[in-house]
Amino acid sequence: MALTTNLTLARLNVAKDVMLRRRKRKFACCAYELQTLAVEKAALQAFDELTADEQTALLKVRWNQDFLTQLRGSQEGTTKDTPTALSVPTNWLEWLSQLDKKPTWERALYTARQGSAEWGVTSLLTQPQAVAEFDELLNKVGSTAESVLHDALPYLLGFFQKDEQFPRGEFESLYYSLLELLVLSTEGGDIDLVLFNDLAIAILTLGVNTAKYTEIVDYALELWDRFASPKKVDWMLDLIDVLISYPCPVPEKREQVLFAAAETL
């Protein structure tokens, strides 16, 4: 009787283990279709739990190979090169930390685009020192992977803009850091100039002192000095409209923008 019971339990355990592994394999395959960071992370966690032989068997399926190749970028290799669940960020702090450690990270922009839509601001609001860490990482990564961080600026701003309470006073320093990064790294593209205005609006909406207002206007004058052309007139006119629409603690600085635009035109 005891032997029969033990055999039955053993069979049940084997059956459960087989079902679990099948689910893991199926989930890894589904992740390729769903294309979300959350599912990618879960799929990699499932992959990590498989044995080496099971991983090898899984990778015999072309679909799974394509999915894992997508995750690792253009690198070639075996299962030893397969990214782990830890390599999939769950927030911007993790994204910035990973980019800081690996400035050549191929999936950085893809992950930024996905993260902009999937991640929320809750962790930044609840985690102690999160905003300060975010600010520090922005400055740090700006010196090691400036071009990648610059290309991710639309996704960073989009992340903040989808917040129902945008712009938040808690994130004012981050908005300003993004604006500074933009000015330092831009080549004068139209998208960048629009981003500058959007960030300026966010900061001005929260209210600024004389020093901060002066810095924002000086940045605008610098951009106009570097990239002034007939094609940029619409941007400059939009900026002037922004400056007119918000309180001005330094009228003479705002006048400088008007004079600079008039002189160029």
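The values are calculated or read from the model by the stated rules, or taken from the named source; none is laboratory data. These figures come from a predicted structure and were not determined experimentally. Heads up, the Cβs are rebuilt from the backbone with ideal geometry, glycines too, and the neighbour counts pull from every protein chain shown. Calculation scope for accessible area: heavy atoms of the full protein, side chains included, ligands and nucleic acids excluded. Shrake-Rupley method; radii C 1.70, N 1.55, O 1.52, S 1.80 Å.
Among the residues of the stretch 188-200, just one is touching a Phe, Trp or Tyr at 6+ places or on another chain (Cβ under 8 Å), closer than 15 Å to LEU157 by Cα and open to solvent by 50 Å² or more (accessible area, probe 1.4 Å), namely VAL194. From the list GLU222, GLU187, GLU172, the one residue that fits, being without any contact (Cβ under 8 Å) to a residue 60 or more places away in the chain and in a loop (DSSP other than H, G, I, E, B), is GLU187. Of all residues in the stretch 119-136, those being surrounded by 14 or more Cβ atoms within 10 Å (Cβ to Cβ) and assigned to a loop (DSSP other than H, G, I, E, B) number 2. Inspect all residues belonging to the stretch 77-92 and state whether any of them is surrounded by 14 or more Cβ atoms within 10 Å (Cβ to Cβ), part of a helix (DSSP H, G or I) and modelled with pLDDT of 75 or more. Yes - at least one qualifying residue is present in the stretch 77-92.
Table: residues versus (1) open to solvent by 20 Å² or more (accessible area, probe 1.4 Å); (2) on the phi < 0 side of the Ramachandran plot; (3) under 20 Å from the mean Cα position of the chain (by Cα).
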position: GLN161; (1), (2), (3): yes, yes, yes
position: THR186; (1), (2), (3): no, yes, yes
position: ALA220; (1), (2), (3): no, yes, no
position: ASP234; (1), (2), (3): yes, yes, no
position: ILE240; (1), (2), (3): yes, yes, no
position: LEU243; (1), (2), (3): no, yes, no
position: GLU252; (1), (2), (3): yes, yes, no
position: GLN256; (1), (2), (3): yes, yes, no
position: GLU263; (1), (2), (3): yes, yes, no
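Being within 19 Å of ASN197 (Cβ to Cβ), open to solvent by 50 Å² or more (accessible area, probe 1.4 Å), out of contact with any Gly (no Cβ under 9 Å at 6 or more places or on another chain) and among the aromatic types (Phe, Trp, Tyr) is true of PHE166.
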